[in-house]
Amino acid sequence: MQKRSITAAIVTTGAVVASALTSTGAASAAPSAKAVPNTKPAWTAHAKHLGAAGNSAAISARVYLAPNGGLAAVQRFATAASTPGTAAYGHFLTAAQYRARFGTTSATVRSVSSYLRSAGLTVNAVGAHNRYVSITGTVRAAEKAFGAQIERYSHNGRNVQAPAGTLSVPSTLASSILTVTGLDTTPKIAKPATKQAAPAPDGFRNARPCSRYYGQVAAKYQADFKTPLPTFNGQTLSYAPCGYTGPQFRAAYEGNTALDGTGVTVAITDAYAAPTIAKDANTYAVNHGDGSYAPGQLTQTKPAKFTNQKTCGPSGWYGEETLDVEAVHAMAPGAKIHYYASASCNDADFLDALATVVDDGTSQLVSNSWGDLEANESADGVAAYEAVFVQGAAEGTSFLFSSGDNGDELANSGIKQADYPTSDPYVTSVGGTSTAIGANGKIAFQTGWGTAKYSLSSDAKSWNPVGYLYGSGGGTSSLFQQPAYQAGTTSSPYRQDPDVAMDGDPNTGMLVGETQTFPNGVYYDEYRIGGTSLASPLFAGMTALSLQKAGHAVGLLNPTIYAQQATAFTDVKGNPPQAGDVRVDFVNGIDGTDGLSYSVRTFDQDSTLRTTRGYDLTTGVGAPNPKWLTAIS
């Protein structure tokens, strides 16, 4: 495999996206016009064409503006500053310094806005720090401004309108425009990566018996401790853990350390904002030995209003926020946590939330437990997201994303594929493991998270196969080439994820606490939860200790991760000593009134993904061990 420099590998990312997503159907541009990369939807080639959009049909879009000097200049700076061994390593910019050096100028805003108005479009707003201009108008005005027909299509069960070709603008403006979003009206929404048995805050509890630590209670009998349970493939399995807590996770991954993340701020982004998060998080921390929050340790930044509640389902996002906050604090009780709420689950709102993180410039780590299929992404959206990630890396901010909870996505989408944004080369993708933490606080074994379900037969003498449920997301990107930090580790010429992994199996998951709605009232209770939504904040919290020890930020973590994989990460292997565990659930999700159900949840059966020696698409280079705390130079 040809080895490339990291700068070359990542700087060409935009070209890779353009080649993959805009290679056909480009509009014919006038001699004075120039194409805007990443603006033609790839899906139009296989969608049903419904004809031209009406001239008077409405459009609403954002024109994202390029950084001063171009995105490639920011990419080169961020890559060098994030790569150990370079002269620029660790020399990051503050948010103010970034704006002074790379910020989009007011002159650019004026020139682009003037052109858009001349085409008949209305400029409604300018994004914070000149990130974009918002426009509305008609299809006819948009076609005049961008030199491409806007057509109607049937796509993903919806009638939408989108450009039929690549957009173009006058050559004098082309370098000022990064991309244009919104002309493609296909809804683009993010989904939380959490796996649990019921959406919070509707009441849910785990039934008993369960194990305080892995292997404590052997599943020889049902809950009456009289009626025998069958073995599974000749093994007597253990009842699933009740849910690991902070002291167990810290002992298992961090060992005996005095580090606690003090001096580091971990940002979290999700949609909406749980109204009881401060009270719930503090109650949980006090109950389970994580220490109460100091004044100002947990803060929130929220938009003026929340939108699209019917589409996005805020209550599910409340549970996501709860898990993220409590998992970070469990690993880093001394770190500050700053929650940035997206106004909805739509891409535009998540882009605003992420942009606020980097524009504030006060967080060293950002944990994100959401995403979508790469096939559902558009070139314009990817370009807009990556601009934020690159700015963050230039400022020393590390982005972490859950790798997804549907394995290779074949059963979920019909094709094997990676998720996005976790596949972006400028973020760290965090996969999931099934993790057995023993009575001594150490990891007895860990393997790839992938769950097949077997239900107890009606005569209670055997286990009947139900099928694949979920598992650590992973795959080979269709958008990005292999970044240089993966050269020599992964065998594909394309970006592969995840990069690392931590506990994500809901059946070896974390106990969390949240205010929920039960038939007899609304009050705080606790339940076990998992998903790579758990793995990402666990790794963010642990990495806060690494940054505390190092005394500085790192920016893009991946060059350090791959350079330290042999020592700071434990290779996660397949064929675990236990095939899975036994889970008992309330039939109604709340109590035993309607009876109990029993099932085996297996380990290391992640769709077609296999946990192997070395890098794999389930666990990346492996799970961090205590040497990660001192691995950052």
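Odds and ends about this structure:
- Crossing angle, helix 314-331 versus the chain [Cα axis fit, 0-90 degrees, rounded to tens]: 70
- Farthest toward the positive end of the dipole of region 496-579, out of LEU545, THR567, TYR524, is the Cα of THR567, where the dipole comes from beta carbon charges about the Cα centre.
- Along its three principal directions, the equivalent ellipsoid of region 328-480 from the Cα gyration tensor extends over semi-axes of 33, 22, 13 Å, largest first.
- Sequence-distant lysines (8 or more away, or on other chains) whose Cα lies within less than 21 Å of LYS442: LYS573, LYS627
- Theoretical ellipticity at 222 nm over the chain - DSSP helices of four or more residues, -39500 (n - 2.57) apiece, nearest 500: -7500 deg cm²/dmol
- Proximal aspartates and glutamates to LYS305, defined as alpha-carbon separation beneath 12 angstrom and excluding residues fewer than eight positions away on the same chain: ASP349
- Net charge contributed by nearby residues that have their C-beta within less than 12 Å of PRO163 (K/R +1, D/E -1): -2
- Nonpolar atom fraction for region 519-633, defined as the carbon and sulfur part of the 1.4 Å probe accessible area, stands at 51 percent.
- The separation of region 116-177 from region 216-281, counted between C-alpha centres, amounts to 48 Å.
- Long pairs among LYS188/LYS336; LYS336/LYS549; LYS34/LYS191; LYS188/LYS302, criterion Cα-Cα beyond 25 Å: LYS188/LYS336; LYS34/LYS191
- Taking Cα atoms only, the orientation of helix 106-118 departs from the longest principal axis of the chain by about 70 degrees.
- 0 to 90° range, to nearest 10: angle between helix 379-394 axis and the chain longest Cα axis: 70
The values are calculated or read from the model by the stated rules, or taken from the named source; none is laboratory data. This one's a predicted model, so the numbers in the text were calculated from it and none came from an experiment. Glycine also receives a Cβ, built like all others from the backbone with ideal geometry; neighbour counts cover every protein chain displayed. Just the protein is used for accessible areas: all its heavy atoms, side chains included, with ligands, DNA and RNA removed. Shrake-Rupley method; radii C 1.70, N 1.55, O 1.52, S 1.80 Å.
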